[in-house]
1. Just the residues that are surrounded by 15 or more Cβ atoms within 10 Å (Cβ to Cβ), at pLDDT 80 or above and among the basic types (Lys, Arg), please, taken from the range A:101-129.
2. Tell me, which strands (runs of 3 or more DSSP E) wholly within the range A:330-419 include 3 or more residues that are free of Cβ contacts under 8 Å to residues at least 40 places away in the same chain, surrounded by fewer than 18 Cβ atoms within 10 Å (Cβ to Cβ) and more than 12 Å from every other protein chain (Cβ to nearest Cβ)?
3. If residue A:194 satisfies every condition in (1) in the same structural domain as residue A:30 (by the TED database); (2) of a type outside the set (Gly, Ala, Ser); (3) surrounded by 16 or more Cβ atoms within 10 Å (Cβ to Cβ) but one, which is the exception?
4. Search the range A:40-56 for residues being within 8 Å of chain B (Cβ to nearest Cβ) and among the aliphatic types (A, V, I, L, M), and hand back the single one that is surrounded by the fewest Cβ atoms within 10 Å (Cβ to Cβ).
5. Quick check on the range A:212-232: of everything there that is surrounded by fewer than 16 Cβ atoms within 10 Å (Cβ to Cβ) and not β-branched (Val, Ile, Thr), which residue is modelled with the lowest pLDDT?
6. Taking the stated definitions as given, is residue A:8 touching a Leu at 6+ places or on another chain (Cβ under 7 Å), crowded, with 24+ Cβ neighbours inside 10 Å, under 17 Å from residue B:44 (Cβ atoms) and modelled with pLDDT of 90 or more?
7. Enumerate the pairs (first residue in the range A:89-111 and assigned by the TED database to the domain that holds residue A:130 and farther than 22 Å from residue A:132 by Cα; second residue anywhere and surrounded by fewer than 16 Cβ atoms within 10 Å (Cβ to Cβ) and of a type outside the set (Lys, Arg)) with beta-carbon separation below 9 Å, excluding pairs fewer than 6 apart on the same chain, so at least 6 apart or on different chains.
8. Given A:141, A:149, A:137, A:157, which one is within 25 Å of residue B:198 (Cβ to Cβ) and aliphatic (A, V, I, L, M)?
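The values are calculated or read from the model by the stated rules, or taken from the named source; none is laboratory data. None of the values given here were measured: they were computed from a predicted structure. Every residue, glycine among them, receives a Cβ derived from its backbone with ideal geometry; neighbour counts consider all protein chains shown.
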Number of protein chains: 2
Amino acid sequence: MSTRAGIVVTGTEVLTGRIQDRNGPWIADRLLELGVELAHVTICGDRPDDMTAALRFLADDGVDLIITSGGLGPTADDLTVEVVARFCGLDLVLDTALDDTIAAILRKLMSRYPQADFEAVRAANRKQAMIPAGATVIDPVGTAPGLVVPGRPTVMVLPGPPRELQPMWHSALDTAAVQQAIAGRTHYEQATMRMFGLPESELADALRTAQQSITAFDRLEITTCLRRGELEIVTRYEPELSDAYTELVEFLRARHPRELFSDDGELIDEQVARLLAGRTVATAESCTAGLLAARLTERPGASAYVAGGVVAYSNEAKAELLGVDPELIARHGAVSEPVARAMAAGALARFGADAAVAITGIAGPDGGTDEKPVGTVYFCALLADGRGMDRNVRLPGNRADVRERSTTVALHLLRRLLD
Amino acid sequence: MSTRAGIVVTGTEVLTGRIQDRNGPWIADRLLELGVELAHVTICGDRPDDMTAALRFLADDGVDLIITSGGLGPTADDLTVEVVARFCGLDLVLDTALDDTIAAILRKLMSRYPQADFEAVRAANRKQAMIPAGATVIDPVGTAPGLVVPGRPTVMVLPGPPRELQPMWHSALDTAAVQQAIAGRTHYEQATMRMFGLPESELADALRTAQQSITAFDRLEITTCLRRGELEIVTRYEPELSDAYTELVEFLRARHPRELFSDDGELIDEQVARLLAGRTVATAESCTAGLLAARLTERPGASAYVAGGVVAYSNEAKAELLGVDPELIARHGAVSEPVARAMAAGALARFGADAAVAITGIAGPDGGTDEKPVGTVYFCALLADGRGMDRNVRLPGNRADVRERSTTVALHLLRRLLD
């Protein structure tokens, strides 16, 4: 029997969707790497009864480990430690060493706000030093300490802000209680393929065919999803099934050689960064208005290959900053192949770059016509040696979808040109 | 007793964090507007037992309405309808009218992929026309129909893709079964304040003081969260407590007049868009590399006030595209007040805009120094009439945090200048 875990995300602001939970997905990834089966993620508000019900649900479901995130702050609605202590039948006790640690952190933090009252803030934070008897303290990264409460299930209590939770995860994992709780885990391999330009239902059809030709197919745990306009195919399998997985990869490659662009999980962003090594790229964006440049610079060290970009939202900006002939816009419209090409040529020249990509399209909700409905986007990728590729697509979805998917299409065009 | 609901999000790709759930938050918002209390969001993979356990948990918790999202697709791991039918004790029956509807949708969709096999895809999609006996069909927006299964609790079954789920929500809500399930809902008011430039612990302190001076304070359900570098304070209350809420707003305004920038929930993005009416803005970005321009153009109609921007990632680009004197960079460094000012002046001139904002900083993880550590960011906002404001901050967090928060600081600077 494999080891199972559950995640309890707390916080009314997360439950009501005012902030997006980033911890559940991150912890899920860590659990997968460990070979711990994640059974459920539950999200509830800052109401003790609902939090208790979620803990009870997971305990009754038989999970070995519960991880909570959130509700460790100084405000009155932060109740996680109290609720977990009661759920585990433990008293809360003041940890004086922890109290001193928190005071030292606060003193440093408050030096940035000279007008604030240190003693008032310290008093407000004192409750963060109250812990369930017998729990192990995980040192705070912000001001909120984490906890590991041993038992069946063992409960790992972590703070809500991802930049605090993530470094604390590894310390919590190393505790004896957590190691014991996950001792029964199974080792799985996990591998990812990525495809672009294939409808999801055709992939489903391909997988049904693969099922007939690959003997151990049913023991491969395959999940597929559409993500940023690409298909992601993640497969988990026990190590002895690696041949069956290789068969699956070869099957899909033979059937869709052009669409299968990554068989090792590498993202299109990583491929483009790799292909750009030693070269520089510039962007010329209209409807995406900087999203492509922002995406190209998400990775540390991007300054080695990103020269910059122009967001040419108005026709005047296309002319003034990218040297697009206003006649061309008048004749073909701003959303057209000749204008995309002129934008790319302008970016190439202005930035003195080795490669350039241009995007011009209609993100909506307004501005569509019969001929060029909302979602129509023109792309051009050019190299300094004169080679180039053009493309135009009609993307589904709303304004945000069209803008985001356009950056994916642009990266794929750039990859094909650079490759 | 108020009406409560629970959400079951299904999909291994969501559970494992490979795609972020956007449906839970969106449905949560709709429920809040309706005055239905959301008790829990649960996320589970495409495993029938886990999905059944989640449904059972919510039913045992006494919710009146369960909304499921996901698992309605054509692939073998899409099992929601089958699981819900079994959970409700109902047989699956073929809905022939629905079968025809789906076939018609598929035919249209497949015309974009002439090489695909229509009959194979249609066969794969046939299971989408199998529904629990007695359920109401919600017409598909993609190819997956939704369902409302009456009972206690009533179960609303919706597809995973947000652009399919959202239009179907309203049809599902209008069914007799859902209306009956939520008949007991309470009407709540909900109002939002936003603050910028205040540490969270000082807000906590302010709220503790308010508690002592506002009589009905404890009946205001207040949640606070840090969001994109701002504090969001959302309060729910029964309509007769509107005076108490007004007292709270006035209390916070008196105490933090500069920090409280929105008392009606209006976002800084909306305020800036409003203040820009009749004017145009241009951006000059280094470390944010287009994120500010992208954020300014998130809203439909942004072309009325956004001229464009330059992503000047390299020093050469700062000189060539924004006219920043290389001497200035050599003397003060690219991350400095004079360079931020020169970038803003360059954007103002090149785009012929009425206002411009520049951002230059160190997003990390590399590039920091003792004097200018990672997170150091300089801003400048300028108007064509010569007025301007400078600012520099040291932002916490990782590369992505620093980049995102920088856009928030820039918008606040622009607001102060335009106001």
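1. Our first condition is that a residue be surrounded by 15 or more Cβ atoms within 10 Å (Cβ to Cβ); within the range A:101-129, this holds for A:101-103, A:105-106, A:109-110, A:113, A:116, A:120-122, A:124-125, A:127-129.
Filter once more, keeping what is at pLDDT 80 or above: A:101-103, A:105-106, A:127-129.
Scanning the range A:101-129 gives a single hit, A:127.
2. Working: elements: A:355-361, A:376-383, A:388-394.
Because the criterion is at least 3 residues that are free of Cβ contacts under 8 Å to residues at least 40 places away in the same chain, surrounded by fewer than 18 Cβ atoms within 10 Å (Cβ to Cβ) and more than 12 Å from every other protein chain (Cβ to nearest Cβ), no strands (runs of 3 or more DSSP E) in the range A:330-419 meet it.
3. (1)
4. Residues of the range A:40-56 within 8 Å of chain B (Cβ to nearest Cβ): A:40-46, A:50, A:53-54.
When the remaining residues are screened for being among the aliphatic types (A, V, I, L, M), the result is A:41, A:43, A:53-54.
Values: A:41: 32, A:43: 30, A:53: 20, A:54: 29.
Filtering the range A:40-56 for residues that are within 8 Å of chain B (Cβ to nearest Cβ) and among the aliphatic types (A, V, I, L, M), the one surrounded by the fewest Cβ atoms within 10 Å (Cβ to Cβ) comes out as A:53.
5. Of the residues in the range A:212-232, the ones surrounded by fewer than 16 Cβ atoms within 10 Å (Cβ to Cβ) are A:212-213, A:215-216, A:218-219, A:227.
Add one more test, that the residue is not β-branched (Val, Ile, Thr), and what stays is A:212-213, A:216, A:218-219, A:227.
Values: A:212: 94, A:213: 93, A:216: 94, A:218: 92, A:219: 92, A:227: 81.
Among those residues, the one meeting the criterion is A:227.
6. Values: touching a Leu at 6+ places or on another chain (Cβ under 7 Å): yes; crowded, with 24+ Cβ neighbours inside 10 Å: yes; under 17 Å from residue B:44 (Cβ atoms): yes; modelled with pLDDT of 90 or more: yes.
Spelling it out, residue A:8 is indeed touching a Leu at 6+ places or on another chain (Cβ under 7 Å), crowded, with 24+ Cβ neighbours inside 10 Å, under 17 Å from residue B:44 (Cβ atoms) and modelled with pLDDT of 90 or more.
7. Qualifying pairs under 9 Å: A:106/A:118; A:107/A:118; A:110/A:117; A:110/A:118.
8. Values: A:149 fails: within 25 Å of residue B:198 (Cβ to Cβ); A:137 fails: within 25 Å of residue B:198 (Cβ to Cβ); A:157 fails: within 25 Å of residue B:198 (Cβ to Cβ).
Matching residue, one of A:141, A:149, A:137, A:157: A:141.
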